[in-house]
Structures are given as structure tokens and as C-alpha cells.
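Structure first, commentary second.
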Amino acid sequence: MNETVRYTYRLRPGAMAERALLDEWGRCRWLWNEAVNQQKAGRKPTFCKLSKLLTAARAANPWLRDGSQVAQQQMLRTYAAALDQSFKVKGHRKPVVKRRKDTLPSLEYTTRGFSLKDGRLMLPKGVSIPVVWSRDLPSDPKSVRVYRDSLGHWYASFVVTRDTA
């Protein structure tokens, strides 16, 4: 038997890495807000339509191409899941616009979008962040969520599969 487990570690990004994370968050937040606007306009954004929107937006906006396509796709996947939950789960509202001063940064990367080298988290566009390892990972991670808490501390939450037998 296998189980999926999440391991969280503290990150120590330098000034340039933090700036890169916040810039990437700005790009992803823009995509989220664009998807919310699509929903409000009655265009019923499915994940397929949002993926086409991403392709068109990246072609039209060089500042959007400067970011990681993996993180941007994952943001739209998260949006589609939140929209789906709003219809299926009682008490869940439709996704709303994420304002910069109200929302904490959170980026998600799949295995194509990150790697671990020499105790550092390597993200696209040459972003390298030291990780404070409190324990070893039982296996290679499938995905990572990089986020900042309300105190300004950065964390990486790795999703791994481990054997329970």
C-alpha cells in the first residue's frame, strides 16, 4: 500500500529569489483574476478553455512569458478545481479575485517545474532557494507548493508517496 504524504520545510530565500517568487506570484495571480473575470462574464471557463487562454496570453504578453508555465498551469488547475468544488460542495463559494494586499503568495510546481540539488530547491528561470531540512524525504517528491505565511516566512510543502507496508 502507498499513501500520499506532505512534508513541509522552511525556506531561506535571498533577496533576488524572494523577488522572483513574488514576481511569479503576481503573474499567477493575474491569471487567476482573469479566470474569475471570465466566469463573471458568463464564459464558463473549463480547464481546457483556461489552458487556451494561457497560451494566448503568453503569446500576447512578454511579461507573462518571463514566468514559469508550470506554475501558471497549476494556478489554472487549482482555479478549475475550486470552481468545480463551488458547485459540488455545500458552503463553498465561487472563486473570487485575489487582491495583492489580502492574499498570501502560493505557487505550485509539478515534477517538471522543480528539482532538488545539493539541499536547495531549484525552480524555473534559475531560482535557487536553500531548504532547512529537518528530516529526509522518504522518496522523490511529486510536487511542491511554495508559500509565504502571514509573518513573511517561506515554506516548501513536498508531496511524496511512501510505502505503508
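Annotations for the structure displayed:
- Verdict on residue 137 being aliphatic (A, V, I, L, M) and open to solvent by less than 60 Å² (accessible area, probe 1.4 Å): yes
- Selection from segment 113-126 of residues that are open to solvent by less than 60 Å² (accessible area, probe 1.4 Å) and either in a loop (DSSP other than H, G, I, E, B) or at pLDDT 95 or above (or both): 114, 115, 119, 121, 122, 123
- From 69, 74, residue being within 26 Å of residue 111 (Cα to Cα), open to solvent by 60 Å² or more (accessible area, probe 1.4 Å) and of a type in the set (S, T, N, Q): 69
- Scoring residue 77 on the criteria (1) in contact (Cβ under 8 Å) with a residue 40 or more places away in the chain; (2) assigned to a helix (DSSP H, G or I); (3) among the charged types (D, E, K, R) leaves a single failure, condition (1).
- Any hit, segment 119-134, residues being among the small types (Gly, Ala, Ser) and within 16 Å of the chain's Cα centre (by Cα): no
- Filtered by the rule that a residue be assigned to a loop (DSSP other than H, G, I, E, B) and either open to solvent by 100 Å² or more (accessible area, probe 1.4 Å) or touching a residue at least 40 places away in the same chain (Cβ under 8 Å) (or both), segment 84-101 gives 90, 93, 94, 95, 96, 97, 98, 99, 100, 101.
The values are calculated or read from the model by the stated rules, or taken from the named source; none is laboratory data. Treat the numbers as computed from the prediction; the structure is a model and nothing was measured. Reconstructed Cβ throughout: ideal geometry from the backbone, glycine too, with neighbour counts over all protein chains shown. Quick note on the areas: whole protein, heavy atoms, side chains included, nothing else; ligands and nucleic acids left out. Shrake-Rupley method; radii C 1.70, N 1.55, O 1.52, S 1.80 Å.
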